[in-house]
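Here the structure comes first, spelled out in structure tokens, and everything after it is commentary.
Computed from the coordinates by the stated procedures, all read-outs in this text should not be read as laboratory data. None of these values were measured; they are calculated from a predicted model. Because the Cβ atoms are built from the backbone with ideal geometry, glycine has one as well, and the counts that use them run over all protein chains shown.
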Amino acid sequence: MMSKTDNPMRKIAIDKVVINIGVGAAGERLTKATKVIELLTGHKPVITSAKKTIRDFNIRKGLNIGAKVTLRKDDAYKFLKEAFYAKDYKIPVYSFDKQGNAYFGITDYTDFKGMKYDPDIGIFGMDIAIILKRAGGYRLPRRRIAPKSIPRSIGISKEETIQFLEENFNAQIVR
């Protein structure tokens, strides 16, 4: 008889890691933010634009306000090892959501191994989102024929995410 832990379809893996820097305005600062992301990940970032106008922040709909890059597979694991090093392997418990994803921020790119402060670039922080998945079932909502929502039995809980990060990245969860 196979138990839940033996089933290979219940194995948790990283679906993607999204690194985002929001600068709030187009121009030279946005160019520097894209340079920081490219230095850290080795991938060319995508420019993100504002979804709606916010007059108090001087943001118009369609204005370029940030940069992001999505990492998958080995690139995601490699980047996460460096990101956890920059955070001293500590993540607060409120960084996890009910769907089994984790989000945290890094205040300065110089916290990464081998990064030195460059006065031409300045100081940039970033947001990192870790999206996890199981081997089977995450195609359900995206398939063309008979799409369905993801059942609770396939979903990943907050506790499973915490256990995954503790085992694979030696992360310490600050409660």
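Among K148, K158, K113, K90, which is the only one that is basic (K, R) and closer than 20 Å to I37 by Cα?
After applying the criteria, what remains is K113.
How about region 139-175: which of its residues are under 18 Å from the mean Cα position of the chain (by Cα) and either in a loop (DSSP other than H, G, I, E, B) or at positive phi (or both)?
I156, S157, N170, A171 - these are the residues of region 139-175 that are under 18 Å from the mean Cα position of the chain (by Cα) and either in a loop (DSSP other than H, G, I, E, B) or at positive phi (or both).
What number of residues within region 138-175 satisfy the criterion of being of a type in the set (A, V, I, L, M, F, W, C), surrounded by 15 or more Cβ atoms within 10 Å (Cβ to Cβ) and in contact (Cβ under 8 Å) with a residue 24 or more places away in the chain?
Residues meeting the conditions: 7.
If you scan region 53-68, which residues turn out to be touching a residue at least 24 places away in the same chain (Cβ under 8 Å) and not in a loop (DSSP other than H, G, I, E, B)?
The answer is F57, I59, N64, I65, G66, A67, K68.
Quick check, is T31 free of Cβ contacts under 8 Å to residues at least 12 places away in the same chain and either assigned to a strand (DSSP E or B) or under 29 Å from K116 (Cα atoms) (or both)?
yes
Quick check on this structure: which one of I65, I14, I19 is under 16 Å from T161 (Cβ atoms), in contact with a Leu (Cβ under 8 Å, 6 or more places away or on another chain) and buried (at least 16 other Cβ atoms within 10 Å of the Cβ)?
Numbers: I65 fails: under 16 Å from T161 (Cβ atoms); I19 fails: under 16 Å from T161 (Cβ atoms).
One residue alone meets the criteria, I14.
Output the residues belonging to region 88-102 that are loosely packed, with under 13 Cβ neighbours inside 10 Å and either aromatic (F, W, Y) or assigned to a loop (DSSP other than H, G, I, E, B) (or both). Can you show your working first?
In the first step, residues of region 88-102 are kept if they are loosely packed, with under 13 Cβ neighbours inside 10 Å; the result is 88, 90, 92-94, 97-98.
Correct list: D88, Y94, D97, K98.
Listed here are the residues, each with its yes/no results for (1) in contact (Cβ under 8 Å) with a residue 24 or more places away in the chain; (2) part of a loop (DSSP other than H, G, I, E, B).
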position	(1), (2)
H43	yes, yes
I47	no, no
K51	no, yes
T70	yes, no
F104	yes, no
D118	no, yes
G122	yes, yes
I131	yes, no
G136	yes, yes
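Tell me whether region 88-108 contains one or more residues that are in contact with a helix residue (DSSP H, G or I) (Cβ under 6 Å, 6 or more places away or on another chain) and within 16 Å of K11 (Cα to Cα).
So far as region 88-108 goes, yes, one or more of its residues are in contact with a helix residue (DSSP H, G or I) (Cβ under 6 Å, 6 or more places away or on another chain) and within 16 Å of K11 (Cα to Cα).
So which residues in region 103-131 are of a type in the set (G, A, S) and within 15 Å of Y89 (Cα to Cα)?
G105, the sole residue that qualifies.
Here are Y109, Y85: which of them is more than 24 Å from R134 (Cα to Cα), surrounded by 15 or more Cβ atoms within 10 Å (Cβ to Cβ), of a type in the set (F, W, Y) and in contact (Cβ under 8 Å) with a residue 12 or more places away in the chain?
Y109
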